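The values are calculated or read from the model by the stated rules, or taken from the named source; none is laboratory data. Small disclaimer: the values here were computed from a predicted structure and weren't measured. Every residue, glycine among them, receives a Cβ derived from its backbone with ideal geometry; neighbour counts consider all protein chains shown.
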Amino acid sequence: MTFKKIFLLALIIIISIPEKIIAQNDWENEQVTQINKEAPTSTMYYDDNLENVELLNGKWNFSWYANPSDVPAYDKIKFENKVEVPGAWQMQGFRKPIYRNTKYPFDVNPPFVKGMYGNPVGVYERTFSVKNLENKTTYVRFESVSSAFYLWVNDQKVGYSQDSWSPAQFNITKYLKEGDNTIRLQVFRWSDGSYLEDQDGWRMSGIFRDVYLISKPEIHIRDYFVTTPLKGNNNTDFNLKIDLLNSGNATQKKYKLGYLLTDKEGKEIGCSEEKIAKKELSQEWDIEINKAITNVKLWSNEKPNLYNLHIYLKKKNKIVDEFYTHIGFREIKISDKKELLLNGKPIILKGVNAVEHDPIFGKYIPRNTIEKKVKLLKQNNINTVRTSHYPAEPYFYKLCDEYGILVIDEANVESHGMKYSEHSLAKKENWQKSHVERIEAMVQRDKNHPSVIMWSFGNEAGNGKTMSAMNSKTKELDTTRPTHYHFADEPSDYDVYGGGIWKYGEKHKFGRYQSVDDMIHIGKLDLDKPFLLNEYAHAMGNAVGNLQEYVDAFEKYPALIGGCIWDWSDQGITKSLNGDFGTKIKDIDKAHAACLKPTGNYFWGYGGDFDDGPNNGNFVLNGIMFPDLTPTPKTVEVKKAYQDIAFKLKNTKKGIIEIKNKYLFTDLSEFDVTWQLLENGQIIKNGIVDVNLPALQAQDFKINNWYSAFHKDKEYVLQLEAKTKQDA
């Protein structure tokens with residue numbers, strides 16, 4: 001054989017080697033999901049009020065590249081731009097957002113992400129100062145970065161992370177120096193993790209949530225977990241687990257761990273201090289405290305009673321590590337009738353799906369917007385949010401605890417574009433690791449929120465052994481909440497159905513949006529689990545449609561525990577007729593006022609308005625609110641159907657009405673009930689009804705000063721209204 005033939009044969013062999021072997025980048029390798037990242041923990045900080053916590057939000061230097069191969073060597077990168085962190089770079093002038101429903105924005109060839117858009121990279125950098133590093137451990141925590149990133153501190157590579165919607169925390173102690181330090185991220189728009197992030201919505205990139213710099217002593221509080229099993233008669237156990245970490249060689253002899261539990265008035269409910277007895281701190285819980293507490297005020301969505309918890313670590317009687325949080329005493333169980341029980345009472349989840357979206361900032365949601373959202377949920381009788389389809393901003397859960405919103409917490413898992421048969425990633429053993437890590441990150445982060453009542457495996461991600469593994473991991477971490485998924489075929493390893501069973505008058509494996517007749521059929525079945533219709537009443541267009549009939553079915557059949565409307569708000573992007581959008585729009589209120597007018601200079605853009613083809617057009621506009629959270633006629637319909645007070649006129653001549661109290665824990669004496677009678681649209685009588693009616697009771701009431709001189713040729717309408725006597 002000649003040299004020429006040997007060389008040609010070798011060339012053919014090299015060319016035919018599979019791409020997966022040649023180009024196994026970290027961001028295109030489903031087995032590499034993190035490097036040097038800390039294990040997930042609960043949220044402990046929502047701001048920088050504590051002395052040892054600093055926010056690194058603000059202006060960062062920024063450089064954008066079309067592909068990873070275009071990124072220069074580390075020391076050759078030039079930063080000629082600045083962006084705001086948190087923020088999506090597409091909303092700050094760097095390329096365009098893309099709207100897709102189910103199809104991936106790259107060629108389907110997992111774990112690779114090549115395609116018509118390339119794989120843009122954003123490089124972020126800023127400086128920060130530190131001092132007094134001796135015997136300290138320092139972490140940097142990113143609450144959300146999409147979709148994957150490398151981290152450097154002072155030109156030294158620290159690690160790698162993916163999972164766009166869960167925190168990434170790194171121990172950067174050994175990379176720091178006294179004084180000024182530099183931190184840099186290289187963020188990839190897409191990674192193999194993007195195969196699990198095929199959620200219906202705008203595809204954006206960047207650092208979406210807060211960035212924290214956290215300084216701790218060598219021995220410090222790493223995590224905590226509170227559970228509150230009820231014992232009846234408002235008596236409960238307070239179970240507190242603490243995980244400590246010794247990040248150096250410090251001796252533990254002089255340390256004490258303590259807690260103080262008080263009510264909202266500051267009255268002490270429980271406290272203790274104890275020495276750290278273990279010679280070595282473990283990977284499990286190091287300290288467990290159990291205390292019986294009597295006569296507590298339980299937490300519910302109706303009565304969101306919270307208690308103050310202060311956990312601290314002392315060295316020689318001086319506090320060296322601490323944090324403050326709120327807890328709620330409540331319990332979630334499933335009854336023999338497959339009802340969902342909140343503190344022993346069967347609750348109906350009157351919910352919405354809520355996608356994180358802001359018409360100006362995209363995937364970064366300002367805190368004032370989050371608070372506006374939670375208040376509107378309460379004002380419109382919505383008691384539940386499904387975080388579709390990934391864990392929400394941590395501050396959202398804090399507000400849900402405070403205002404009283406139930407949360408179905410959903411893992412960052414959707415692979416709709418892979419379909420549900422043999423190509424489904426839920427059936428692939430090599431993708432199990434990334435699925436399980438995502439639900440673990442969510443459970444660990446949110447496990448202490450009383451508002452979280454259910455763990456969801458994700459959405460439209462197929463079914464298989466991977467989902468069973470997610471359930472096993474969830475139960476290993478938390479047995480106090482049920483698990484949930486919408487595929488009803490085997491393996492159905494979860495506690496609450498989210499879809500499937502029956503649709504279009506026949507058996508169905510995974511579908512949602514069942515008709516009312518389908519729901520009645522499901523309600524009559526002897527199900528082995530509760531059934532939550534986790535998507536229904538698709539709110540695209542002018543009305544939600546026969547919503548009251550759905551609620552009637554939920555209330556009639558015990559195993560039908562409610563539903564979540566798709567969805568909360570239109571995901572439009574505010575755009576000027578001159579093409580400006582995102583942070584280029586300076587007068588946001590003026591722009592949104594114009595969006596509400598047919599002849600304004602601004603509009604809410606959808607797929608195709610940003611040259612983002614192929615796209616799914618206006619299918620991104622299907623909320624009960626406009627993008628700026630302005631209510632619509634659909635909002636009014638939802639508020640009426642979801643109300644927990646029902647009125648019925650039983651005797652027209654005598655003015656007898658029946659009032660039904662559907663609340664679980666609220667007496668109607670907390671409301672002012674007023675009435676007015678209209679004749680041909682004009683008020684002819686009005687007054688108040690004095691109502692004292694316990695929860696889950698119905699009673700007849702006579703309207704005083706009733707009108708009985710009705711005319712056959714006139715139209716009469718009785719309007720009744722209940723308003724809270726005090727602001728919530």
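Does residue 727 count as under 43 Å from the mean Cα position of the chain (by Cα) and free of Cβ contacts under 8 Å to residues at least 12 places away in the same chain? Walk me through it before giving the result.
Values: under 43 Å from the mean Cα position of the chain (by Cα): yes; free of Cβ contacts under 8 Å to residues at least 12 places away in the same chain: yes.
The answer is yes for residue 727.
Going by the conditions given, is residue 223 acidic (Asp, Glu), closer than 30 Å to residue 60 by Cβ and assigned to a strand (DSSP E or B)?
Numbers: acidic (Asp, Glu): yes; closer than 30 Å to residue 60 by Cβ: yes; assigned to a strand (DSSP E or B): yes.
Here the answer is yes, as residue 223 does meet what is asked.
Restricting to region 541-565, what's the tally of residues that are surrounded by fewer than 19 Cβ atoms within 10 Å (Cβ to Cβ) and modelled with pLDDT under 95?
Residues meeting the conditions: 5.
What do you reckon, is residue 194 in a helix (DSSP H, G or I) and buried (at least 18 other Cβ atoms within 10 Å of the Cβ)?
Working: in a helix (DSSP H, G or I): yes; buried (at least 18 other Cβ atoms within 10 Å of the Cβ): yes.
For residue 194, the condition - in a helix (DSSP H, G or I) and buried (at least 18 other Cβ atoms within 10 Å of the Cβ) - is met.
Give the residue that is nearest to residue 340 (Cα to Cα), with candidates limited to residues of region 259-305 that are of a type in the set (D, E, K, R) and within 27 Å of the chain's Cα centre (by Cα). Explain how you work it out, then say what you get.
Quick first cut of region 259-305, residues of a type in the set (D, E, K, R) only: 263-265, 267-268, 273-275, 278-280, 284, 286, 288, 291, 297, 302-303.
Right, trim to within 27 Å of the chain's Cα centre (by Cα) and you get 264, 284, 297, 302-303.
Numbers: 264: 29, 284: 31, 297: 21, 302: 16, 303: 18 Å.
So, considering only residues that are of a type in the set (D, E, K, R) and within 27 Å of the chain's Cα centre (by Cα), the one nearest to residue 340 (Cα to Cα) is 302.
Has region 574-586 got at least one residue that is of a type in the set (D, E, K, R) and free of Cβ contacts under 8 Å to residues at least 12 places away in the same chain? Even if it seems obvious, please write down each step before you answer.
Initial filter on region 574-586 (of a type in the set (D, E, K, R)): 575, 580, 584, 586.
Filter once more, keeping what is free of Cβ contacts under 8 Å to residues at least 12 places away in the same chain: 580, 586.
Yes, that holds for at least one residue.
Matching residues to (1) over 30 Å from residue 384 (Cβ atoms); (2) in contact (Cβ under 8 Å) with a residue 40 or more places away in the chain:
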{"residue": "636", "(1), (2)": "no, no"}
{"residue": "639", "(1), (2)": "no, yes"}
{"residue": "670", "(1), (2)": "no, yes"}
{"residue": "684", "(1), (2)": "yes, no"}
{"residue": "688", "(1), (2)": "yes, no"}
{"residue": "694", "(1), (2)": "no, no"}
{"residue": "698", "(1), (2)": "no, yes"}
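How many of the residues making up region 154-179 are farther than 15 Å from residue 214 by Cα and touching a helix residue (DSSP H, G or I) at 6+ places or on another chain (Cβ under 8 Å)?
Summing the residues that are farther than 15 Å from residue 214 by Cα and touching a helix residue (DSSP H, G or I) at 6+ places or on another chain (Cβ under 8 Å) in region 154-179 gives 9.
Looking for something among the hydroxyl-bearing types (Ser, Thr, Tyr), exposed (fewer than 14 other Cβ atoms within 10 Å of the Cβ), out of contact with any helix residue (DSSP H, G or I) (no Cβ under 8 Å at 6 or more places or on another chain) and not in a helix (DSSP H, G or I) - is there at least one such residue anywhere in region 649-656? I'd like the intermediate steps shown before the answer.
Initially, region 649-656 is screened for residues among the hydroxyl-bearing types (Ser, Thr, Tyr), giving 652.
Next cut, exposed (fewer than 14 other Cβ atoms within 10 Å of the Cβ) only: 652.
Those still in the list that are out of contact with any helix residue (DSSP H, G or I) (no Cβ under 8 Å at 6 or more places or on another chain) too: 652.
Among the residues that remain, those that are also not in a helix (DSSP H, G or I) are: 652.
Yes, there is a match, as at least one residue in region 649-656 is among the hydroxyl-bearing types (Ser, Thr, Tyr), exposed (fewer than 14 other Cβ atoms within 10 Å of the Cβ), out of contact with any helix residue (DSSP H, G or I) (no Cβ under 8 Å at 6 or more places or on another chain) and not in a helix (DSSP H, G or I).
What number goes with the only condition from (1) over 30 Å from residue 562 (Cα atoms); (2) touching a residue at least 24 places away in the same chain (Cβ under 8 Å) that residue 662 does not pass?
Only one criterion in (1) over 30 Å from residue 562 (Cα atoms); (2) touching a residue at least 24 places away in the same chain (Cβ under 8 Å) is unmet by residue 662, namely (1).
Can you find a residue in region 210-221 that is charged (D, E, K, R) and more than 21 Å from residue 323 (Cα to Cα)?
No, because not a single residue in region 210-221 is charged (D, E, K, R) and more than 21 Å from residue 323 (Cα to Cα).
Within region 228-309, which strands (runs of 3 or more DSSP E) (wholly inside it) include 3 or more residues that are surrounded by fewer than 15 Cβ atoms within 10 Å (Cβ to Cβ)?
Numbers: elements: 230-232, 235-246, 255-262, 268-275, 287-293.
Where strands (runs of 3 or more DSSP E) fall fully within region 228-309 and carry at least 3 residues being surrounded by fewer than 15 Cβ atoms within 10 Å (Cβ to Cβ), they are 268-275, 287-293.
Taking only pairs six or more apart or across chains, which ones have beta-carbon atoms under 9 Å, a first residue in region 25-44 that is more than 10 Å from residue 112 (Cα to Cα), and a second residue that is basic (Lys, Arg) and surrounded by fewer than 17 Cβ atoms within 10 Å (Cβ to Cβ)?
Taking only residues 6 or more apart or on different chains, the pairs are 31/433; 33/433; 35/157; 36/157.
Restricted to region 584-626, and to residues that are out of contact with any strand residue (DSSP E or B) (no Cβ under 7 Å at 6 or more places or on another chain) and of a type in the set (Val, Ile, Thr), which residue is farthest from residue 116 (Cα to Cα)?
599
Within region 217-229, identify whether any single residue is modelled with pLDDT of 95 or more and closer than 30 Å to residue 109 by Cβ, and answer yes or no.
No, that holds for no residue.
Could you say whether any residue in region 504-517 is in a loop (DSSP other than H, G, I, E, B), in the same structural domain as residue 460 (by TED's automatic domain parsing), within 19 Å of residue 486 (Cα to Cα) and among the hydrophobic types (A, V, I, L, M, F, W, C)? I'd like the intermediate steps shown before the answer.
Just the residues of region 504-517 that are in a loop (DSSP other than H, G, I, E, B), to begin with: 504-505, 509-515.
If we keep only those that are in the same structural domain as residue 460 (by TED's automatic domain parsing) as well, we get 504-505, 509-515.
Checking the rest, the ones that are also within 19 Å of residue 486 (Cα to Cα) come to 504-505, 509-515.
Checking the rest, the ones that are also among the hydrophobic types (A, V, I, L, M, F, W, C) come to 510.
Within region 504-517, one or more residues are in a loop (DSSP other than H, G, I, E, B), in the same structural domain as residue 460 (by TED's automatic domain parsing), within 19 Å of residue 486 (Cα to Cα) and among the hydrophobic types (A, V, I, L, M, F, W, C).
Kindly list the number of the only condition in (1) on the phi < 0 side of the Ramachandran plot; (2) out of contact with any helix residue (DSSP H, G or I) (no Cβ under 7 Å at 6 or more places or on another chain) that fails for residue 328.
Going through the list (1) on the phi < 0 side of the Ramachandran plot; (2) out of contact with any helix residue (DSSP H, G or I) (no Cβ under 7 Å at 6 or more places or on another chain), residue 328 breaks only (2).
Looking only at region 451-486, how many residues end up being of a type in the set (D, E, K, R) and under 19 Å from residue 561 (Cα atoms)?
Here is the first cut: in region 451-486, the ones of a type in the set (D, E, K, R) are 460, 465, 473, 475-476, 478, 481.
If we keep only those that are under 19 Å from residue 561 (Cα atoms) as well, we get 481.
Residues that pass the stated criteria total 1.
Step by step: first the residues of region 376-412, then only those that are among the charged types (D, E, K, R) and without any contact (Cβ under 8 Å) to a residue 60 or more places away in the chain, then the one that is nearest to residue 457 (Cα to Cα). Which residue is that? Before you say what the answer is, go through the steps one by one.
We begin by selecting, within region 376-412, every residue among the charged types (D, E, K, R); these are 378, 386, 393, 398, 401-402, 409-410.
Filter once more, so that each one left must be without any contact (Cβ under 8 Å) to a residue 60 or more places away in the chain: 409-410.
Numbers: 409: 9, 410: 6 Å.
The residue in question is 410.
Within region 495-508, identify whether any single residue is buried (at least 18 other Cβ atoms within 10 Å of the Cβ), within 25 Å of residue 617 (Cβ to Cβ), in contact (Cβ under 8 Å) with a residue 60 or more places away in the chain and among the β-branched types (Val, Ile, Thr), and answer yes or no.
Checked region 495-508: no residue is buried (at least 18 other Cβ atoms within 10 Å of the Cβ), within 25 Å of residue 617 (Cβ to Cβ), in contact (Cβ under 8 Å) with a residue 60 or more places away in the chain and among the β-branched types (Val, Ile, Thr).
I'd like the full set of residues that are under 18 Å from residue 362 (Cα atoms) and either not β-branched (Val, Ile, Thr) or not assigned by TED's automatic domain parsing to the domain that holds residue 24 (or both), limited to region 65-92. Outline the logic, then answer.
In the first step, residues of region 65-92 are kept if they are under 18 Å from residue 362 (Cα atoms); the result is 82-92.
Listed by number, the residues that qualify are 82, 84, 86, 87, 88, 89, 90, 91, 92.
Would you be able to say whether some residue in region 635-646 is modelled with pLDDT of 95 or more, assigned to a strand (DSSP E or B) and surrounded by fewer than 14 Cβ atoms within 10 Å (Cβ to Cβ)?
Pass one, region 635-646, residues modelled with pLDDT of 95 or more: 635-646.
Cutting the leftovers down to assigned to a strand (DSSP E or B) gives us 645-646.
Filter once more, keeping what is surrounded by fewer than 14 Cβ atoms within 10 Å (Cβ to Cβ): 646.
Within region 635-646 (the criterion being modelled with pLDDT of 95 or more, assigned to a strand (DSSP E or B) and surrounded by fewer than 14 Cβ atoms within 10 Å (Cβ to Cβ)), the answer is yes, since at least one residue qualifies.
Rundown of residues vs (1) within 30 Å of residue 377 (Cβ to Cβ); (2) among the polar types (S, T, N, Q); (3) part of a strand (DSSP E or B); (4) within 39 Å of the chain's Cα centre (by Cα), yes/no style:
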residue	(1), (2), (3), (4)
628	yes, no, no, yes
660	yes, no, yes, yes
665	yes, no, no, yes
669	yes, yes, no, yes
677	no, no, yes, no
688	yes, no, yes, no
692	yes, yes, no, yes
695	yes, no, no, yes
717	yes, no, yes, no
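Restricting region 672-707 to residues that are in contact with a Lys or Arg (Cβ under 6 Å, 6 or more places away or on another chain) and not acidic (Asp, Glu), which is nearest to residue 302 (Cα to Cα)?
Restricting attention to region 672-707, the residues satisfying the condition of being in contact with a Lys or Arg (Cβ under 6 Å, 6 or more places away or on another chain) are 672, 677, 679-680, 698, 707.
Narrowing the set further to residues that are not acidic (Asp, Glu) leaves 677, 680, 698, 707.
Numbers: 677: 30, 680: 38, 698: 19, 707: 35 Å.
Looking at the filtered set, the residue picked out is 698.
Does residue 458 qualify as being on the phi > 0 side of the Ramachandran plot, over 17 Å from the mean Cα position of the chain (by Cα) and either crowded, with 24+ Cβ neighbours inside 10 Å or at pLDDT 95 or above (or both)? Walk me through it before giving the result.
Values: on the phi > 0 side of the Ramachandran plot: yes; over 17 Å from the mean Cα position of the chain (by Cα): no; either crowded, with 24+ Cβ neighbours inside 10 Å or at pLDDT 95 or above (or both): yes.
So residue 458 fails the test.
Out of region 324-338, which residues are surrounded by 17 or more Cβ atoms within 10 Å (Cβ to Cβ) and either of a type in the set (Phe, Trp, Tyr) or modelled with pLDDT under 95 (or both)?
329
Results for (1) under 17 Å from residue 36 (Cα atoms); (2) assigned to a loop (DSSP other than H, G, I, E, B); (3) more than 27 Å from the chain's Cα centre (by Cα); (4) not β-branched (Val, Ile, Thr), shown as yes or no for each residue.
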position: 106; (1), (2), (3), (4): no, yes, no, yes
position: 118; (1), (2), (3), (4): no, yes, yes, yes
position: 124; (1), (2), (3), (4): no, no, no, yes
position: 134; (1), (2), (3), (4): no, yes, yes, yes
position: 139; (1), (2), (3), (4): yes, no, no, yes
position: 152; (1), (2), (3), (4): yes, no, yes, yes
